[in-house]
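What follows is a short report on a single structure.
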Amino acid sequence: MNTERLYKINKIFYSIQGEGARVGTPQVFVRFSGCNLHCSFCDTDHSSYTEMTAHEIVQECRRIGNHCASVSLCGGEPTLQLDAFLVAEFKRYGFFISIETNGLLPVPAGVDYIVCSPKTAKIAPDNIDELRYVVKAGDPMPVPHKHARHYFLSPCFDGEQANKDNIAHCLTLVSQHPEWRLGMQWHKFIGIE
């Protein structure tokens, strides 16, 4: 009987990082299914997933990645499933591991780059590389309770469509707080996943 852990994977695909400080970087994306929040703007279908072992996940990343050894773990919420075993399997094959998390749970050791997009005041991870706040028109300026290397305000999209009011509001906030940057979802503008 096989007792190896199974992870619920919504999708694995190869693309270009579309937002944040690493925008334009080729990488493989592993989108986990399941989340501990229910954001109205979430772009993941949590009812659709395939159960895969750590070995199967990494081998699929290697197969589709065109020799790219950079992986982004996203979701849903990857920290609900990510563990030391899966991190070690990626490291075994030399992957640079980034994660996009809502920040409610700690990030396992061995992850190279942490992107936290908080939806609540709680931020569990330390050593955050990017804080990215999704902002709608009229929202107040976020007050992060943790330090990060980069700070972004990301205008909330209406599905795949940019919302001009949300963009204008973010531009105003960034102009008033120049330590922050505008974080657009460029992959949606150029029509890639």
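The values are calculated or read from the model by the stated rules, or taken from the named source; none is laboratory data. Owing to the predicted nature of the structure, the values given are computational and were not obtained by experimental measurement. Please note: Cβ atoms are built from the backbone with ideal geometry, for glycine as well, and neighbour counts cover all protein chains shown. All accessible areas refer to the heavy atoms of the entire protein, side chains included, with ligands and DNA or RNA removed. Shrake-Rupley method; radii C 1.70, N 1.55, O 1.52, S 1.80 Å.
For residues that are touching a strand residue (DSSP E or B) at 6+ places or on another chain (Cβ under 9 Å), surrounded by fewer than 22 Cβ atoms within 10 Å (Cβ to Cβ) and either in a loop (DSSP other than H, G, I, E, B) or modelled with pLDDT of 95 or more (or both), tally how many sit in the range 142-154.
Summing the residues that are touching a strand residue (DSSP E or B) at 6+ places or on another chain (Cβ under 9 Å), surrounded by fewer than 22 Cβ atoms within 10 Å (Cβ to Cβ) and either in a loop (DSSP other than H, G, I, E, B) or modelled with pLDDT of 95 or more (or both) in the range 142-154 gives 8.
I'd like the residue in the range 6-23 that is closer than 23 Å to Met52 by Cβ and assigned to a loop (DSSP other than H, G, I, E, B) and, out of all such residues, is most open to solvent (accessible area, probe 1.4 Å).
Leu6
Would a scan of the range 103-114 turn up a residue that is modelled with pLDDT of 95 or more, outside any helix (DSSP H, G or I), on the phi < 0 side of the Ramachandran plot and open to solvent by less than 10 Å² (accessible area, probe 1.4 Å)?
no
Condition first: surrounded by fewer than 21 Cβ atoms within 10 Å (Cβ to Cβ), of a type outside the set (D, E, K, R) and in a loop (DSSP other than H, G, I, E, B). Now tell me which residues in the range 66-100 satisfy that.
Passing the criteria: Asn66, His67, Cys68, Ala69, Gln81, Tyr93, Gly94.
Residue pairs, Cβ under 6 Å, 6 or more apart or interchain, first in the range 137-160 and under 22 Å from Val23 (Cβ atoms), second aromatic (Phe, Trp, Tyr). List them.
Close Cβ pairs (under 6 Å, with a partner that is aromatic (Phe, Trp, Tyr)) amount to Pro142/Tyr133; Tyr151/Trp180; Leu153/Tyr133; Leu153/Trp180; Cys156/Phe41.
Within the set of pairs 6 or more residues apart or between chains, which connect a residue that is within 10 Å of Val58 (Cβ to Cβ) inside the range 78-96 to a residue that is at pLDDT 95 or above and in a helix (DSSP H, G or I) with Cβ atoms less than 6 Å apart?
Cβ pairs passing all conditions: Leu86/Ala54; Glu89/Ala54; Glu89/Val58; Phe90/Val58; Tyr93/Val58.
Kindly list the number of the only condition in (1) in contact with a Cys (Cβ under 9 Å, 6 or more places away or on another chain); (2) closer than 19 Å to Leu73 by Cα; (3) assigned to a loop (DSSP other than H, G, I, E, B) that fails for Asp139.
All conditions are met except number (2).
Within the range 116-136, count every residue that is assigned to a strand (DSSP E or B) and open to solvent by 40 Å² or more (accessible area, probe 1.4 Å).
Result for the range 116-136: 1.
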